[in-house]
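All remarks here apply to the structure that follows.
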Amino acid sequence: MKKQQRLWIGGLAIVIFLGLWEAAMPLGWVKVADISRPTLVVKAFVELTRTGDIFHHLFVSLKEFFLGFALSLVVGVPLGVLLGRYRTPFLFLDPLLMAIYTTPRVAMMPLLVVAFGVGFGATVAVVFLGAVFPILVNTAVGVREIDRVWIRAVESFGGTEWNIFTKVLLPGSVPPIVTGIRLGVGRGILGMVVGEMYAATEGIGQQIALYGNSFAVSELMALIVVVSLLGFVFVSLIRLVEDRLRYRRMETEV
Amino acid sequence: MQLNLLYRRNESVILGTLGLVAFLVAWEGVSRLEWFDPVLISSPSLVAVALKNWAVSGALARDLATSLLELVIAFGAAAVVGVPLGVIMGWSRPAEYAIDPFIWVLYASPTVSLWPLFIIWLGIGIKSIVVLAFLFAVVQVTINTFAGVRGIDPLLIRCARSFNASRKDLFFKFTLPGALPMIIAGLRLAVGRALIGVIIGELFSSNAGLGFHISYYGAKLRFADFFASLLVVVVVGILATQGIRIIESRFARWKT
């Protein structure tokens, strides 16, 4: 019942929004600027997919995103586990990591472009930098919050440090790692778009900048919808995993 | 023995400072020995000189004032819009269902992609930057406020109701104070996001501000000046966040 209500009220709100938007330009409510219309945006989207151009750029963007994100997982999770387990390295690196964490990573674009090259390299780097910190921090916090009883249990049965990592710390910190991944995906996609908008020769972000420069509002909006859907789908999928994990965890704790 | 005790008490400060110093020394050393291209990575001493020159020339104050003005407008607007919006969403189910889809799309999608639209509609300059930073921040404020209002113990509300509290009392004496810690936490996160919005906007197109300084010197390959501006951004971010954190801890104390 509640779910149904959520669906139809939410749907109605979206329909009203689209209706107002559709009517705004023809009825002359908005005179100063071109805000386009939903039907024109759909037409522009169809046109973009018909020429197939958009798929190439989407592919380029996704490649950059997944490579950068994979790198951030490979670096973020093990480092997070280490920093969560051992106090001294954590205290040693904490202020430094916090300083980098508070730096807007996208502001490093000029440096990254010179260091890794326009386009692919710089975008992968900025995706990595955006995604790695939420993953690292959440992993470290997750590891630190694991009940020490489990660690002592492994120790008292003669388990090695390696056993502690693989049998307790990694599985135990999966839910916070997934939370870190969700936050990381958002930052990563932000990085991807900014990176490509700032300096690139291909990719969705570059296309957005291109159509923006030529004042093609309808095409621009179609691309924005594509990027937004991308982010929305990714985040929603991970949220689903997250909810399932939390559910299962609660079951085992009963 | 005494020394040991002193160390134990201040372990986090000592080790943290040591980490920072080690990082700076390594950076300076790598640059001096030219293990990496010194043009690219610059060095702490060069950054310090660049920062000094920037401050002495008076440009630092000007850039800082521009960025702070944009930050304050965007953040203020986000608080003024976001808190009531979150309260409405938390207060009424139908309102939540109606607003929720828009907030989630804004939250999950990269807001920067709207930047070219702002340029077309509002032109290059402070207006576009403020709108971008506002959008970055307002979502966070709204979501946190909503969660705070919704998260209030239903038992408390029922208790108030059974003592015949009016809707106004319920709102001002229970809902708002109960949600306050979450709201302030949201504002703390939002100020960081607003700052990122300001920097991105200035990075893309402006002729003043910290982000402009970053892109200008980045493009000129003067990375000492580039790092100096990055450093100032970090300091602004930390100060703004810590400022709100102080308010936060005061309220947290009041709550318990």
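What the table below lists for this structure:
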item	result
Residue match in the stretch B:49-70 (condition: closer than 19 Å to A:L111 by Cβ, more than 14 Å from chain A (Cβ to nearest Cβ), modelled with pLDDT of 90 or more and open to solvent by 40 Å² or more (accessible area, probe 1.4 Å))	yes
Residue pairs meeting the criteria (Cβ under 7 Å; at least 6 apart or on separate chains; first outside the structural domain of A:I146 (by TED's automatic domain parsing) and closer than 15 Å to B:L18 by Cβ, in the stretch A:84-102; second open to solvent by 50 Å² or more (accessible area, probe 1.4 Å) and among the basic types (K, R))	none
Candidate set: the stretch A:18-31, residues that are in contact with a helix residue (DSSP H, G or I) (Cβ under 8 Å, 6 or more places away or on another chain) and either open to solvent by 60 Å² or more (accessible area, probe 1.4 Å) or not acidic (D, E) (or both); chosen: the one farthest from the other protein chains (Cβ to nearest Cβ)	A:W29
Counted residues, the stretch B:6-54 - those being closer than 20 Å to A:L96 by Cα and assigned to a loop (DSSP other than H, G, I, E, B)	3
Any hit, the stretch A:194-203, residues being aliphatic (A, V, I, L, M), more than 8 Å from chain B (Cβ to nearest Cβ), surrounded by fewer than 24 Cβ atoms within 10 Å (Cβ to Cβ) and part of a helix (DSSP H, G or I)	no
Candidate set: the stretch B:138-171, residues that are aromatic (F, W, Y) and more than 28 Å from the chain's Cα centre (by Cα); chosen: the one nearest to B:L231 (Cα to Cα)	B:F171
Subset tally (residues that are surrounded by 12 or more Cβ atoms within 10 Å (Cβ to Cβ) and within 28 Å of the chain's Cα centre (by Cα)) for the stretch B:14-44	16
Whichever residue in the stretch B:75-98 is of a type in the set (A, V, I, L, M, F, W, C), open to solvent by less than 40 Å² (accessible area, probe 1.4 Å) and within 14 Å of chain A (Cβ to nearest Cβ) and, among such residues, is farthest from B:F204 (Cα to Cα)	B:A95
Close pairs from the stretch B:194-210: first in the same structural domain as B:Q140 (by TED's automatic domain parsing), partner basic (K, R), Cβ under 8 Å, at least 6 apart	B:A208/B:R62
Selection count where residues are within 12 Å of chain B (Cβ to nearest Cβ) and either loosely packed, with under 12 Cβ neighbours inside 10 Å or hydroxyl-bearing (S, T, Y) (or both), scope the stretch A:32-54	2
Filtered residues of the stretch A:64-76 (kept if touching a residue at least 40 places away in the same chain (Cβ under 8 Å) and surrounded by fewer than 23 Cβ atoms within 10 Å (Cβ to Cβ))	A:L67, A:L71, A:L73, A:V75
Answer residue from the stretch A:74-112, given it is of a type in the set (V, I, T) and more than 8 Å from chain B (Cβ to nearest Cβ) and is farthest from A:V178 (Cα to Cα) among those	A:I100
The stretch A:205-215: number of residues that are of a type outside the set (S, T, N, Q) and free of Cβ contacts under 8 Å to residues at least 12 places away in the same chain	2
Enumeration of residues in the stretch B:103-114 that are at the interface with chain A (Cβ under 7 Å from one of its Cβ atoms) and open to solvent by less than 20 Å² (accessible area, probe 1.4 Å)	B:A108, B:S109, B:P110, B:V112, B:S113
Breaking point among (1) open to solvent by 40 Å² or more (accessible area, probe 1.4 Å); (2) out of contact with any Leu (no Cβ under 8 Å at 6 or more places or on another chain); (3) part of a helix (DSSP H, G or I), for A:V113	(1)
Residue under evaluation B:V83, criteria (1) among the β-branched types (V, I, T); (2) more than 19 Å from B:A228 (Cβ to Cβ); (3) at pLDDT below 90, criterion not met	(3)
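Results for (1) more than 10 Å from the chain's Cα centre (by Cα); (2) farther than 27 Å from B:V83 by Cβ; (3) open to solvent by less than 10 Å² (accessible area, probe 1.4 Å), shown as yes or no for each residue.
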position	(1), (2), (3)
B:A185	yes, no, no
B:F212	yes, yes, no
B:L221	yes, yes, no
B:D225	yes, yes, no
B:A240	no, no, no
B:I247	yes, no, no
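The values are calculated or read from the model by the stated rules, or taken from the named source; none is laboratory data. In this text the structure is predicted, and so the values were computed from the model without any measurement. Reconstructed Cβ throughout: ideal geometry from the backbone, glycine too, with neighbour counts over all protein chains shown. For accessibility, only protein heavy atoms count, side chains too; no ligands or nucleic acids. Shrake-Rupley method; radii C 1.70, N 1.55, O 1.52, S 1.80 Å.
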